Amino acid sequence: MKEVLLVGESWEVFSIHLKGFDAFFTTKYDEGAKWLIEALEEGGYQVDYIPNHHAPSRVPTELSELQEYSVVILSDIGANTLLLHPDTFERSLATPNRLKLFREYAEQGGAFVMIGGYMSFAGIDGKGKYKDSPVEEILPVTLLAHDDRVEIPEGINPQVVQPDHPVVQGLDAQWPMLLGYNQVIAKEGAEVLAVAGEDPILVVGTYGRGKTAAFTSDCAPHWGSPEFVEWGQYNKLWQQLVDWLTS
């Protein structure tokens, strides 16, 4: 069984409730990984999931640990969360740079994917912070140097542009609605498989001996509309992508 490491796709909300003179606080934790995990498990993959709040301490810091996985997927997790191990941020100790580790992992034959979100690619207000990083080097896309979000509240339907490619073969030519994505530029030699308007949605390529992919929208709500995550071919899309990456 091939193993996949999925990192990110979780969030915590801290709310302040004001009622006249009085105020109180509530917190909520949520995850958006279930649709992707279920799709990959249905395809025969074992998924190790590390949510955002555990990523600083639990994402591997040794190449040999990363190489236990056939694919590494980052989804809606900013670079700071991976760069600032607790030993570095809290105790001022040197620790491995995990962004460089991902680059070495791909160079030596690992498969690497970034999925879109407010903390992916350049991200909201540029806070994703992957621009000019080792991760940008291995991705099949060039990132923008500023807030890269394209918000489409009215929705947009991605279109497949290379229907014979194994990743999208047999999928609908038009996909269900998305509500936004991260804007990127496909690198020379990369293959753009699906677009929203003129912007890439799904791009694949290679780095060293490994394969890489960028899916610039969400694998879950909110950019992933209910129609998209419940799409009858949603599972097939992710299974075929990971199958290609590991072939």
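The values are calculated or read from the model by the stated rules, or taken from the named source; none is laboratory data. What you are looking at is a predicted structure, and each value in this text was computed from that prediction instead of being measured. Note that we place each Cβ from the backbone using ideal geometry, even for glycine, and neighbour counts take in every protein chain shown. What goes into the accessible areas is simple: the full protein's heavy atoms, side chains included, and nothing from ligands, DNA or RNA. Shrake-Rupley method; radii C 1.70, N 1.55, O 1.52, S 1.80 Å.
Before we move on, is E90 free of Cβ contacts under 8 Å to residues at least 24 places away in the same chain, over 30 Å from Y234 (Cβ atoms) and open to solvent by 70 Å² or more (accessible area, probe 1.4 Å)?
Against the criterion (free of Cβ contacts under 8 Å to residues at least 24 places away in the same chain, over 30 Å from Y234 (Cβ atoms) and open to solvent by 70 Å² or more (accessible area, probe 1.4 Å)), E90 qualifies.
Quick one: in region 161-188, which of the residues that are among the aliphatic types (A, V, I, L, M) and surrounded by 21 or more Cβ atoms within 10 Å (Cβ to Cβ) is farthest from G43 (Cα to Cα)?
Ranking the qualifying residues of region 161-188, first place goes to V184.
Which pairs turn up if I take residues in region 186-204 that are free of Cβ contacts under 8 Å to residues at least 12 places away in the same chain and look for partners that are open to solvent by 30 Å² or more (accessible area, probe 1.4 Å) and among the hydrophobic types (A, V, I, L, M, F, W, C) with beta carbon separation below 8 Å, at least 6 apart in sequence or on another chain?
none
Could you check region 93-113 and list, in sequence order, the residues that are open to solvent by less than 20 Å² (accessible area, probe 1.4 Å) and either without any contact (Cβ under 8 Å) to a residue 12 or more places away in the chain or touching a Pro at 6+ places or on another chain (Cβ under 6 Å) (or both)?
Within region 93-113, L99 is the sole residue that qualifies.
Would you mind stating whether S247 is open to solvent by less than 30 Å² (accessible area, probe 1.4 Å), outside any strand (DSSP E or B) and under 29 Å from E3 (Cβ atoms)?
In short, no.
For the structure I just gave you, tell me whether A186 is touching a helix residue (DSSP H, G or I) at 6+ places or on another chain (Cβ under 7 Å) and closer than 30 Å to N97 by Cβ.
no
Say whether the condition of being without any contact (Cβ under 8 Å) to a residue 12 or more places away in the chain and under 20 Å from G197 (Cβ atoms) is met by at least one residue in region 114-133.
no
Name the single residue, out of those in region 125-136 being open to solvent by less than 40 Å² (accessible area, probe 1.4 Å) and not in a loop (DSSP other than H, G, I, E, B), that is farthest from R149 (Cα to Cα).
P134
Please identify the pairs in which a residue from region 36-64 that is touching a residue at least 40 places away in the same chain (Cβ under 8 Å) and within 16 Å of L245 (Cα to Cα) has its Cβ atom under 7 Å from the Cβ atom of a residue that is among the acidic types (D, E) and surrounded by fewer than 18 Cβ atoms within 10 Å (Cβ to Cβ), counting only partners at least 6 apart or on another chain.
Q46/E3; V47/E41
Being surrounded by 11 or more Cβ atoms within 10 Å (Cβ to Cβ) and either closer than 22 Å to L241 by Cβ or of a type in the set (V, I, T) (or both), is that true of even one residue in region 16-29?
Taking every residue of region 16-29 in turn, none turns out to be surrounded by 11 or more Cβ atoms within 10 Å (Cβ to Cβ) and either closer than 22 Å to L241 by Cβ or of a type in the set (V, I, T) (or both).
Only one of E198, E191, E227 is charged (D, E, K, R), closer than 25 Å to G128 by Cβ and surrounded by fewer than 16 Cβ atoms within 10 Å (Cβ to Cβ). Can you tell me which?
E198
So is V113 closer than 20 Å to I77 by Cβ, among the hydrophobic types (A, V, I, L, M, F, W, C) and out of contact with any Gly (no Cβ under 8 Å at 6 or more places or on another chain) or not?
yes
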